[in-house]
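Chemist: My structure is below; once you've seen it, I'll send some questions.
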Amino acid sequence: MAKLYFHYSTMNAGKSTILLQASHNYRERGMDTYLLTARFDRRAGEGRIGSRIGIGADSDTFDETDDLFVRIRDRHAAAPFACIFVDEAQFLTKDQVWQLARVVDDLRLPVMCYGLRVDFRGELFPGSAALLALADEMREVRTICHCGKKATMVVRRTADGRAAQEGAQIQIGGNETYVSLCRRHWRAEMGDSPL
Ligand SMILES: [Zn+2]
């Protein structure tokens, strides 16, 4: 039975690596997959999902203007695939998460979404909020804080090394400015702790 999956984590936990491995497993068995990632520079078409350990795959892209149900339905009719993989799923709109739910329910295709749960302010991303509400299955991709506890939060460090307190939710590129932390150490960096 097809399901809507949400694999969530904080930054640098290896979500894209897991996505690429799962897609590879389908293709190895002769089943095609359809890969999508967020588009930020307004160019339609070719994108790429890459991972920090060096593997990658070509991907189609989405932005907030795309109807993903229509896109997937048409692509699937032209050249069938067995599974859809969506990277950077935190950037989906609520409507697009519903479109993916319709892909699962009406086209009977599994959709695997991978994304961040919360931003550097500790707020849910819109796409993640909708996926937490609608996904059939959720899996946490774990990574750890420098103290060894599970990291669930992320800070955005500015050029002077301090944690940003505010700013745009979306800032692309430069993983090195984000650090994943446990909640206690996140609070300390955000100035909400006696540490
Ligand atoms: Zn910690």
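Chemist: Considering (1) surrounded by 22 or more Cβ atoms within 10 Å (Cβ to Cβ); (2) out of contact with any Asp or Glu (no Cβ under 6 Å at 6 or more places or on another chain); (3) modelled with pLDDT of 95 or more, say which one residue 25 fails and leave the rest.
Modeler: All conditions are met except number (1).
Chemist: Among the listed residues 128, 180, identify the single one that is outside any loop (DSSP other than H, G, I, E, B), within 16 Å of the ligand (Cβ to nearest atom) and either within 12 Å of the chain's Cα centre (by Cα) or of a type in the set (S, T, N, Q) (or both).
Modeler: 180
Chemist: Here is a follow-up. Return only the number of the condition from (1) away from the ligand (no atom under 16 Å from the Cβ); (2) of a type in the set (Val, Ile, Thr); (3) at pLDDT 95 or above that residue 152 does not satisfy.
Modeler: Residue 152 satisfies every listed condition except (1).
Chemist: Out of 118, 141, 179, I need the residue that is closer than 23 Å to residue 18 by Cβ, β-branched (Val, Ile, Thr) and buried (at least 20 other Cβ atoms within 10 Å of the Cβ). Which one?
Modeler: Matching residue, one of 118, 141, 179: 179.
Chemist: Also, quick follow-up: Just for the stretch 123-133: of the residues that are in contact (Cβ under 8 Å) with a residue 60 or more places away in the chain and surrounded by 16 or more Cβ atoms within 10 Å (Cβ to Cβ), which one is farthest from residue 169 (Cα to Cα)?
Modeler: 131
Chemist: For the list (1) in contact (Cβ under 8 Å) with a residue 12 or more places away in the chain; (2) of a type in the set (Asp, Glu); (3) exposed (fewer than 13 other Cβ atoms within 10 Å of the Cβ), I need the number of the one condition that residue 189 fails.
Modeler: Failed condition: (3).
Chemist: Right, next: Scan 79, 44, 57 and give me the residue that is of a type in the set (Gly, Ala, Ser), at pLDDT 95 or above and either within 19 Å of residue 110 (Cβ to Cβ) or out of contact with any helix residue (DSSP H, G or I) (no Cβ under 6 Å at 6 or more places or on another chain) (or both).
Modeler: Only one candidate passes the filter, namely 79.
The values are calculated or read from the model by the stated rules, or taken from the named source; none is laboratory data. Because the structure is a prediction, the values reported are computed rather than measured. So basically every Cβ, Gly included, is an ideal-geometry build from the backbone, and we count neighbours across all protein chains shown.
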